[in-house]
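Undergrad: To start, I am sharing the structure in question, which I have written as structure tokens.
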Amino acid sequence: MTKKRHHRRRNVNATQKATHNKDAASSEEDTDRLTKLPNDLLLNILERVDTLDAIRACILSRQMMKLRTMLSQFFLSCSSIPGHHFNVSEFVRTNGVVAHVTDNILSTRSPEITISRLKIRFLLVQPDCYTIGKSVAHAMATQKVGAAEFQIVTDKTHLMCSPADLLDHAKQLNDFFGACRDAFAGLRRLWLCNMRFGGELDIPNILSTCKLLESLRLTHCDSGMNSVLQLEHAQLTELELNYLKFPI
């Protein structure tokens with residue numbers, strides 16, 4: 001009886017090993033097929049997905065690793081978290097990854113390849129937002145950057161924000177804006193949310209610096225009771241206002 005059980009166990013182990021080897025071989029074959037595609041086709045595929053996912057795909061082979069520095073379109077987001085259930089700590093962790101990847105890619109890519117589109121969604125928290133802002137500013141100064149966009153979100157949703165939180169978010173934005181003016185100067189699109197500006201000059205000051213800005217989106221923003229939002233910009237063609245508390 002013992003010998004039969006031992007024999008059966010060996011058969012099961014052999015079957016499992018064969019299945020594992022077959023799956024591994026199939027995976028390697030799929031990877032090999034992918035890496036044999038021309039670089040221009042691979043780049044076209046990689047630029048259609050989130051940049052963090054594209055970088056994960058580039059780890060598949062040495063050939064694809066070099067493609068991450070050849071990308072011309074970037075979409076980096078602090079919302080790029082695998083799965084459907086996440087919390088604030090995971091957002092903050094992913095935001096740190098976004099900051100690191102932004103700095104790494106923009107500083108190592110070939111300056112001869114134009115960045116046709118650069119969209120970054122990030123949390124307004126230090127030091128990550130400063131890393132992103134300074135990296136983008138340096139890229140704008142040393143490389144050709146087309147349509148650049150910042151989507152600046154906060155670590156608290158609007159329902160969780162107190163009036164003090166809204167004021168604090170606006171102060172953080174002003175500090176970030178002051179430290180990274182060159183990055184804002186090259187933006188084409190900007191999205192701000194969950195902020196209460198301390199004075200009517202906050203938005204005009206930003207617009208006066210963002211001379212290339214074509215699109216502005218404000219969500220859950222205001223300047224306090226009985227405030228008026230005044231916008232004047234030569235290039236602005238798209239204005240989206242969501243859940244505002246002041247007249248236009």
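Undergrad: Which condition number does Ala164 fail, the rest of (1) over 25 Å from Ala148 (Cα atoms); (2) at pLDDT below 90 being met?
TA: If we test Ala164 against (1) over 25 Å from Ala148 (Cα atoms); (2) at pLDDT below 90, just (2) comes out false.
Undergrad: Something else about it: Out of (1) in contact with a Gly (Cβ under 7 Å, 6 or more places away or on another chain); (2) part of a helix (DSSP H, G or I), the odd one out for Ser116 is which?
TA: (2)
Undergrad: Please determine, by comparing only the residues of region 203-223 that are in contact with a strand residue (DSSP E or B) (Cβ under 9 Å, 6 or more places away or on another chain) and in a loop (DSSP other than H, G, I, E, B), which one is nearest to His158 (Cα to Cα).
TA: Filtering first and then ranking leaves Ser223.
Undergrad: Any residue in region 222-235 that is within 26 Å of Gln126 (Cα to Cα), surrounded by 17 or more Cβ atoms within 10 Å (Cβ to Cβ) and either at pLDDT 90 or above or assigned by TED's automatic domain parsing to the domain that holds Ala164 (or both)?
TA: yes
Undergrad: I would also like to ask the following. Could you list, in sequence order, the residues of region 119-145 that are over 30 Å from Asp165 (Cα atoms), of a type outside the set (Lys, Arg), out of contact with any Pro (no Cβ under 7 Å at 6 or more places or on another chain) and not in a strand (DSSP E or B)?
TA: Selection gives His138, Ala139, Met140, Ala141.
Undergrad: Which condition from (1) surrounded by 15 or more Cβ atoms within 10 Å (Cβ to Cβ); (2) part of a helix (DSSP H, G or I); (3) modelled with pLDDT under 95 is the one that Lys156 breaks?
TA: Checking Lys156 against (1) surrounded by 15 or more Cβ atoms within 10 Å (Cβ to Cβ); (2) part of a helix (DSSP H, G or I); (3) modelled with pLDDT under 95, the one that fails is (2).
Undergrad: Across region 180-206, what is the number of residues that are surrounded by 17 or more Cβ atoms within 10 Å (Cβ to Cβ) and either among the basic types (Lys, Arg) or modelled with pLDDT of 90 or more (or both)?
TA: 14
Undergrad: Kindly list the number of the only condition in (1) within 17 Å of Gly178 (Cβ to Cβ); (2) outside any helix (DSSP H, G or I); (3) at pLDDT 95 or above that fails for Glu149.
TA: The single condition Glu149 does not satisfy is (1).
The values are calculated or read from the model by the stated rules, or taken from the named source; none is laboratory data. Keep in mind that this is a model prediction, so the values were computed, not measured. Don't worry about glycine lacking a Cβ; one is built from the backbone with ideal geometry, like all the others, and counts go over all protein chains shown.
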